[in-house]
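Worksheet: one structure, shown below.
The values are calculated or read from the model by the stated rules, or taken from the named source; none is laboratory data. This is a predicted model, so every value here is computed, not measured. Note that we place each Cβ from the backbone using ideal geometry, even for glycine, and neighbour counts take in every protein chain shown.
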Amino acid sequence: MFVALILCLVGIAVAQRPVPCTTPPQWEGRIFDVNEKEKFALEGRLSYDATYHRERLVDEVEEGTMDDFYDTIALFDSKVEFVYNFKARNCTRRELTRPWRDFGIRPTDRSYGEAYIGSSVFPETGVLVTIWAGNFTLPSNDTIDYVSTWTYRACLPVSRTTHSDKFGIGHLSFYDITVGIRDPDVFIPRREFIYSSPVSSPTNETMILAFVLCLVGIAAAQRPVPCTTPPQWEGRIFDVNEKEKFALEGRLSYDATYHRERLVDEIEEGTQDEFYDTIALFDAKIEFVYNFKARNCTRRALTRPWRDFGIRPTDRSYGEAYIGSSVFPDTGVLVTIWAGNFTLPSNDTIDYVSTWTYRGCLPVSRTTYSDKFGIGHLSFYDITVGISDPNVFIPRQECLTSEEWNMRHTLFGTPTKKN
């Protein structure tokens, strides 16, 4: 189901085949890259040069940890890579065997239309992105399927989700993009690189938890006050977890006032996968699950507690960043970044980083980590404030008895007041 979902992000169909936009050949920005199966995570500042096939990635150093952080310069035309270890204060010069690959929309990629990160309704609360999917084959003959998002204007990278049988699911996010290379000497190796003799390659250590709690390395100068997310909103979601072998996309109606949610899976025609329409009524402790394929409904007790989807008072701020860019109009949206944790009834602790639009406080993404469940990534698109249909939380007729159906508005409609 992973590949099918990755190739159908947010369920947007295209009426005609659009022409891929062209990403600037040189740009710089912050990245956050994570992969559960490979036990790999990094954050840092990337300088990208497609003109001369060069990259430099400087890891964001988190003070007070025992993790290794690196400064890596990859010169693809020269087939050489320099890796400086900040902790050990030594460097590695090694042959670069992987091929250069332009980070842009490929001519063979398939368009899945456009969507707003955040909202299109209010000023400065969203940015329009274009969504593309495709695949490529590594020299090892492993095929990588991917979905990538780019700002509609200027074609700046926003995110890329990848999947392969060998490497599992990875998610790469970009922030604070600027076009061009600010420092012309950025690809000149450190002095330690030039005079060092080759040594063994650095060892990748598991740094997932530290990175999940330090997204894009932005330190808060002072403790900001969390913004307040609207109590009722609707939008599209894409949720994926490699360890749990779980992925879904759909439309979510969220009501924190009366503790209700409805998630309608996006149906992909021509597949054998099952898709569901789920209504969760937390105050009534009941959940209705309609199976589109089987055309039947299950009613079951809802045992998990309601949890407001917003910034908690105990969350820690990691400042702000732009998804896309702040330089050009309509190419970015300012988000605020928060991290924290909560404990499930099973006593499992979930660490998370969440991002919210700076204006409007609308959900953008959430990355979670736990020893039991691994890493999950949840993205939101096309958010609208409020509930468009007051009857959205009334279950389908197949889920109710005839008596309940006749009284559906009384039993399941919006209460006149909160008890």
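Looking across region 154-163 at every residue that is in contact (Cβ under 8 Å) with a residue 40 or more places away in the chain and not β-branched (Val, Ile, Thr), the one that is surrounded by the fewest Cβ atoms within 10 Å (Cβ to Cβ) is identified as Cys155. In region 320-354, which residues are buried (at least 16 other Cβ atoms within 10 Å of the Cβ) and in contact with a Pro (Cβ under 8 Å, 6 or more places away or on another chain)? Thr336, Trp338, Ser354 - these are the residues of region 320-354 that are buried (at least 16 other Cβ atoms within 10 Å of the Cβ) and in contact with a Pro (Cβ under 8 Å, 6 or more places away or on another chain). The set of residues in region 149-180 being in a loop (DSSP other than H, G, I, E, B) and farther than 20 Å from Thr331 by Cα consists of Asp165, Lys166, Phe167. The condition (being more than 24 Å from Ala50 (Cα to Cα) and surrounded by 15 or more Cβ atoms within 10 Å (Cβ to Cβ)) is satisfied by just one residue among Ile181, Ile131, Ile169: Ile169. Of the strands (runs of 3 or more DSSP E) that lie entirely inside region 269-309, those containing 1 or more residues that are more than 18 Å from Leu252 (Cα to Cα) and touching a residue at least 60 places away in the same chain (Cβ under 8 Å) span 296-301. If Asp351 satisfies all but one of (1) acidic (Asp, Glu); (2) modelled with pLDDT under 90; (3) more than 17 Å from the chain's Cα centre (by Cα), what's the number of the condition it fails? The number of the failed condition is (3). In region 70-80, the qualifying residues are those that are of a type outside the set (Phe, Trp, Tyr) and part of a strand (DSSP E or B), and the one that is surrounded by the fewest Cβ atoms within 10 Å (Cβ to Cβ) is Val80. From the list Pro20, Pro24, exactly one residue is modelled with pLDDT of 95 or more, in a loop (DSSP other than H, G, I, E, B) and either closer than 22 Å to Val129 by Cα or small (Gly, Ala, Ser) (or both). Which is it? Matching residue, one of Pro20, Pro24: Pro24.
Which count do you get for residues in region 56-68 that are assigned to a loop (DSSP other than H, G, I, E, B) and modelled with pLDDT of 90 or more? The qualifying residues number 0.
Annotation: of all residues in region 366-387 being modelled with pLDDT under 95 and among the polar types (S, T, N, Q), the one that is nearest to Tyr318 (Cα to Cα) is Thr367.
Return yes when Ser379 is buried (at least 23 other Cβ atoms within 10 Å of the Cβ), among the hydroxyl-bearing types (Ser, Thr, Tyr), assigned to a strand (DSSP E or B) and in contact with a Phe, Trp or Tyr (Cβ under 9 Å, 6 or more places away or on another chain) and no when it is not. When the stated conditions are applied, Ser379 passes them. Scanning region 81-128 for residues that are in a strand (DSSP E or B), small (Gly, Ala, Ser) and surrounded by 21 or more Cβ atoms within 10 Å (Cβ to Cβ) yields a count of 3.
Conditions tested, residue by residue: (1) touching a Lys or Arg at 6+ places or on another chain (Cβ under 6 Å); (2) touching a residue at least 60 places away in the same chain (Cβ under 8 Å).
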{"site": "Leu96", "(1), (2)": "yes, no"}
{"site": "Trp100", "(1), (2)": "no, no"}
{"site": "Asp109", "(1), (2)": "no, yes"}
{"site": "Val127", "(1), (2)": "no, yes"}
{"site": "Asp142", "(1), (2)": "yes, no"}
{"site": "Asp165", "(1), (2)": "no, no"}
